[in-house]
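See structure below.
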Amino acid sequence: MGVVLEPVRKLRASLGSDRITEYDAPTGCIAVNPAGVDSRLAWSETRKNLVVAIPPEVLSDLAVQEFDLANVELEPPIFGTVDMRALDIAQRISVELTGKATPNELFLDSLVTLFSVHLLRTYASRMKQLPPLRGGLSAKSARRVQEYLHEHFAQKIHVAELAAVAGISSNHFILRFAKTFGMPPHRYLINLRLDFAEKLLVEGEVPIAEIAYLAGFSDQSHLATTMKRFRGRTPTELRFAK
């Protein structure tokens, strides 16, 4: 899928045939290219867009988990179609990838999961409407997820593995987790990492660079940026606070 982040004029595209279509693509314009379908795209000016590639087996698994549908096929919209929900997710992904801080892997994974579910709900064949989701995780599922996060917070964690711990689908997990804990999974994970880092910083025995690694951050700069953003001070300021 490609989502246009800034308007571009006179795109020339084909999908599944030799027929070329020329069109102007406004912000939010989406192009869906199913796996195995030949496509071509040409342009004469600078483009700003986000491209997300999702393996067919991932979409198939999501279709079964979320909609109880097997063998679904994508039905691409006509060229020039604007999809504001896709644009919202694409902008969030773009901001996370292009910011100064190291991207949060669980946040990106959550966004791609939401994007995939939206793709299926909007552009897949034989899709059925599901009732809106209500309620959070069960007490048992919430406890299992909490225990898992507290045990593995310093590791790279994916939405699918947390959903498996909770015993529900990935999309339902993201929504139910937020209803239960009042924040998305990636923010909960950040808090766990920062709590652990702050504890070690106050104790004052472990070098800051090593604390960053032990707490699950990519490096000392990543820890400093994240702590400043969410806790209002840097590791150095905390360590030497009186």
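The values are calculated or read from the model by the stated rules, or taken from the named source; none is laboratory data. Just so it is clear, the structure is predicted and the values come from calculations on it, not from any experiment. With ideal geometry, Cβ positions are generated from the backbone for all residues, glycine too; neighbour counts draw on all protein chains shown. To get the accessible areas, we keep the full protein, side chains included, count just its heavy atoms, and leave off ligands, DNA and RNA. Shrake-Rupley method; radii C 1.70, N 1.55, O 1.52, S 1.80 Å.
A few points about this structure:
- Residue match in the range 75-95 (condition: over 24 Å from Ser170 (Cα atoms), among the acidic types (Asp, Glu) and surrounded by fewer than 17 Cβ atoms within 10 Å (Cβ to Cβ)): no
- Residue among Gly28, Gly16, Gly2, Gly36 that is touching a strand residue (DSSP E or B) at 6+ places or on another chain (Cβ under 6 Å) and at positive phi: Gly28
- Residue-level analysis places Arg126 outside the set of residues that are part of a helix (DSSP H, G or I) and among the basic types (Lys, Arg).
- Subset of the range 188-242 (residues that are within 23 Å of the chain's Cα centre (by Cα) and part of a loop (DSSP other than H, G, I, E, B)): Ala215, Gly216, Phe217, Ser218, Asp219
- If you go through the range 98-113 and keep only what is free of Cβ contacts under 8 Å to residues at least 24 places away in the same chain and either under 18 Å from Pro184 (Cα atoms) or open to solvent by less than 20 Å² (accessible area, probe 1.4 Å) (or both), you end up with Pro103, Leu108, Leu111.
- The number of residues in the range 17-39 being in contact (Cβ under 8 Å) with a residue 60 or more places away in the chain and more than 18 Å from Ala86 (Cβ to Cβ) comes to 0.
- Any hit, the range 57-67, residues being aromatic (Phe, Trp, Tyr) and either open to solvent by less than 60 Å² (accessible area, probe 1.4 Å) or in a strand (DSSP E or B) (or both): yes
- Verdict on Lys179 being in contact (Cβ under 8 Å) with a residue 24 or more places away in the chain, among the basic types (Lys, Arg), out of contact with any strand residue (DSSP E or B) (no Cβ under 6 Å at 6 or more places or on another chain) and under 21 Å from Thr226 (Cα atoms): no
- Pairs are defined by a Cβ separation below 7 Å, a sequence spacing of at least 6 or placement on different chains, a first member in the range 66-84 that is on the phi > 0 side of the Ramachandran plot, and a second member that is outside any loop (DSSP other than H, G, I, E, B) and of a type in the set (Ser, Thr, Tyr); the pairs so defined are Gly80/Tyr23.
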